[in-house]
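What follows draws every value from the coordinates through simple rules; no lab data is involved. Being a predicted model, the structure only gives us computed values, none of them experimental. Every residue, glycine as well, gets a Cβ built from its backbone with ideal geometry; the counts of neighbours run over all protein chains shown.
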Ligand SMILES: [Zn+2]
């Protein structure tokens, strides 16, 4: 089963990165730390502390490697958020020029 994990920061494939991801895992493309909230399936900005895992004690910095024992890599970590944010920014820009 190949879910095709991608880097939360640049979208590069993580196929070459040894699994499971560990605290010292880095994206081979942008060197982003990968054991981070942004890469995790429990990451949700709509929730308190941006974490849907109730038992976890969410780290403050969502972009730095953490020790969270509930970490689960999320397959679409990159697309889910960054694309919609970019689209929104584009919409805002277009409004400005209308
Ligand atoms: Zn990357």
- Dimensions of region 30-73 along principal axes (Cα, Å, largest first)? 29, 20, 17
- Note on the structure: Kirkwood Rh over alpha-carbon pairs of the chain plugged into Stokes-Einstein at 4 °C, 1.567 mPa s gives a D in µm²/s of 91
- Residues 51, 37 in order from fewest to most other beta-carbon atoms within 10 Å are 51, 37
- Message: At a 10 Å Cβ-Cβ cut-off, how would you order 21, 93, 14, fewest neighbours first?
- Response: 93, 21, 14
- Angle between the chain longest axis and helix 77-96 axis [Cα atoms, degrees, rounded to 10]: 10
